[in-house]
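Written out below as structure tokens is the structure these notes cover.
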Amino acid sequence: MTRVRRGELLLVGLPLVRPFRTSFGVADRKECVLVRVETDAAEGWGECVADIEPDFSSEWNQSVWGAIEGFLGPAVLHEHDVSAGSLSDLFRFVRGNPMAKATLVNAILDAELRQRDESLASYLGADKRTVVCGVSVGITETVDELRAQVDGYLAEGYRRIKLKIAPGLDLDRVAPIRADHPDILLSVDANAAYTLEDVDVLRALDDFELLMIEQPLHHEDLVQHAKLQAQIRSDLCLDESIRSAADAAAALELGACRIVNIKQGRVGGVLEARAVHDVCLRAGVPAWCGGMLETGIGRATNLALATMPGFTLPNDTSASARYFPEDLTEPFVLASDGTMEVPHGPGIGVVPLPDRLAACTLRREVLEA
Ligand code: SMG
Ligand code: MG
């Protein structure tokens, strides 16, 4: 337990190496909120997974900024003793806003762990020192471009390819990639772009022996996913629909998916993500760590999470170079066997490089009691 003396809210912006197109839009730069907290004994960092627009989720950078500045930050600064574990109660007066809450939970946990000189991976009960990495490939203009990107990523060593799909950009994209690479782990992610009316297309994906079909239907749905799962052979994986451990338990009970994408930032931080993991592990359902194009701060958090025993499938924890010409931290590098080392220093094990942080900061505000 400790007192948070001061907080800093930062909005940072970084160019992407290439635009990232999904079923809901195109991102050509990354902008996100970072929080730095100072306790009596240490600093801690958290990165928010929200982005420029409320498209993946209802939260977005300005809603996160407002929630932290107006409500969550003052609540933390007002307490004489806080711990990451006490925040779910402390934050109960704010409905929803899991991405904003996650940023503070992760920053305060990072500070606590730095203070006691323990790594996040060790705290979470890591059973591995390296994490197996996949890569998520955006929708391209042409099939040739898609082929070239996939070939490049496979040559770098990535152990699973995930193709973003959208209605009309699905079977014709998956077929050539599967024909080129009959034996790779291949999955697709629709980001909620289909409805049950599209069952024929989704069933046709069964022919490609996919590792999973991620979030084909509405971003808050469980029941229709359960109906769909009963009608197709491929395993469904839920991403957007899982916002808490309770959601994960409900999804598994309903048979809405057979695999879970765990994004700590989407469920309210690493502690709730651990609870989602535990639900999956108990049910014998494979899990993996999703990504939100994080900078090195969020990537370090994700890598630590993915060391937990239930993360048995390749994770969307790709190298810094897959996203950014230059990261905010020392770059994360993919080993030629498709794995990545997990930072082992205290807390998340990394901090932003001061020069890079200065160059990328768009907005800054100090929060004090
Ligand atoms: O971080 O490698 C990454 C991106 C992985 O595809 C990815 N994320 O739905 O899983 C997902 C998407 C959400 C981000 S879209 C900006
Ligand atoms: Mg997804």
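Under the classification rounded if a/c is under 1.5, otherwise prolate if a/b is larger than b/c and oblate if not, where does the chain fall, given a ≥ b ≥ c as square roots of the Cα gyration tensor eigenvalues? The shape class here is prolate.
With a simple spin-label model that places each label point 7 Å from the Cα along the Cα-to-Cβ direction, the separation between Ala246 and Arg29 comes to 3.9 nm.
Think of it as helices only: each DSSP H run of n ≥ 4 in the chain is worth -39500 (n - 2.57), and spread over all residues that comes to -9500 deg cm²/dmol at 222 nm.
Once you've got the Cα coordinates, tell me which of Lys30/Lys164; Lys128/Lys164; Lys128/Lys263; Lys227/Lys263; Lys101/Lys263 are over 22 Å apart. Check vs 22 Å cut-off fails for Lys128/Lys164; Lys227/Lys263. Between Glu220 and His78, the contour length at 0.36 nm per residue exceeds the alpha carbon distance by 47.7 nm. For the pair Ala204 and Leu254, what calculated FRET efficiency results from E = 1/(1 + (r/R0)^6), where r is the Cβ-Cβ distance and R0 = 30 Å, to the nearest 0.05? Result of the calculation: an efficiency of 0.80. Descending by average beta-carbon neighbour count within 10 Å, the peptides 102-110, 160-168 line up as 102-110, 160-168, the highest first.
With a ≥ b ≥ c taken as the square roots of the eigenvalues of the C-alpha gyration tensor of region 96-244, please select rounded if a/c is under 1.5 and otherwise prolate if a/b is larger than b/c or oblate if it is not? Judged from the Cα gyration tensor, region 96-244 comes out oblate (a/c at least 1.5, b/c at or above a/b).
Using only the alpha-carbon atoms, how far is helix 296-305 inclined from the longest principal axis of the chain? Give it as 0 to 90 degrees, nearest 10. On a 0 to 90 degree scale, this one is about 70.
What separates the Cα centres of region 264-322 and region 91-158 is a distance of 6 Å. Placing a label point 7 Å from the Cα of Ala358 along the Cα-to-Cβ direction, the residues of region 326-345 whose backbone N falls under 20 Å from that point are 326-331. In this Cβ point-charge picture (+1 for Lys and Arg, -1 for Asp and Glu), region 1-80 has a dipole of about 180 debye about its Cα centre.
With the highest mean first, a sort of the peptides 335-341, 262-268, 58-64 on other beta-carbon atoms found within 10 angstrom per residue produces 262-268, 58-64, 335-341. Taking every alpha-carbon pair under 8 Å whose residues sit at least 6 apart, region 53-179 reaches a relative contact order of 18 percent. Relative to the longest principal axis of the Cα atoms of the chain, the long axis of helix 245-254 makes an angle of roughly 20 degrees. Summing +1 for each Lys or Arg and -1 for each Asp or Glu among the other residues whose beta-carbon sits under 11 angstrom from that of Arg147 gives -3. Annotation for Ala230 and Thr142: the two label points, set 7 Å from Cα along the Cα-Cβ direction, are 4.5 nm apart.
Considering only alpha-carbon pairs that sit under 8 angstrom and 6 or more positions apart, the relative contact order computed for the chain is 23 percent. Measure out, as a whole number of angstrom, how far apart the alpha-carbon centroids of region 161-210 and region 339-365 sit. A separation of 35 Å, based on Cα centres. Extension gain, Leu281 to Val366, is 26.6 nm, computed as 0.36 nm per intervening residue step minus the present C-alpha separation.
Annotation: the antiparallel percentage among DSSP beta bridges lying fully within the chain is about 60.
The local environment of Asp316, defined by Cβ-Cβ distances under 13 Å, has a net charge of +4 under the rule Lys, Arg +1 and Asp, Glu -1. Descending by average beta-carbon neighbour count within 10 Å, the peptides 22-28, 5-11, 233-239 line up as 233-239, 5-11, 22-28, the highest first. Axis of helix 143-156 versus longest Cα principal axis of the chain: the two differ by about 60°, to the nearest ten degrees.
Spin-label model, Ser88 to Asp172: label points 7 Å out along the Cα-to-beta-carbon direction sit 4.7 nm apart. Remark: Tyr323, Tyr158 ranked as Tyr323, Tyr158, counting other beta-carbon atoms within 10 Å and listing the fewest first. The residue among Ala192, Gly25, Ile139 whose Cα reaches farthest toward the positive pole of the charge dipole of the chain, with charges on the beta-carbon of Lys, Arg, Asp and Glu, is Ala192.
Taking the number of Cβ atoms within 10 Å of each Cβ as an exposure proxy, the fewest-first ranking of His78, His219 is His78, His219. Counting neighbouring beta carbons within 10 Å and listing from fewest to most, the residues His225, His218, His344 come out as His344, His218, His225.
With a ≥ b ≥ c the root eigenvalues of the C-alpha gyration tensor of region 121-341, is it rounded (a/c under 1.5), prolate (a/b larger than b/c) or oblate? Note, shape of region 121-341 comes out oblate.
We did not get these values from a lab; they are worked out from the coordinates using the rules stated. From a predicted model like this one, the values you see are computed outputs, not experimental measurements. Because the Cβ atoms are built from the backbone with ideal geometry, glycine has one as well, and the counts that use them run over all protein chains shown.
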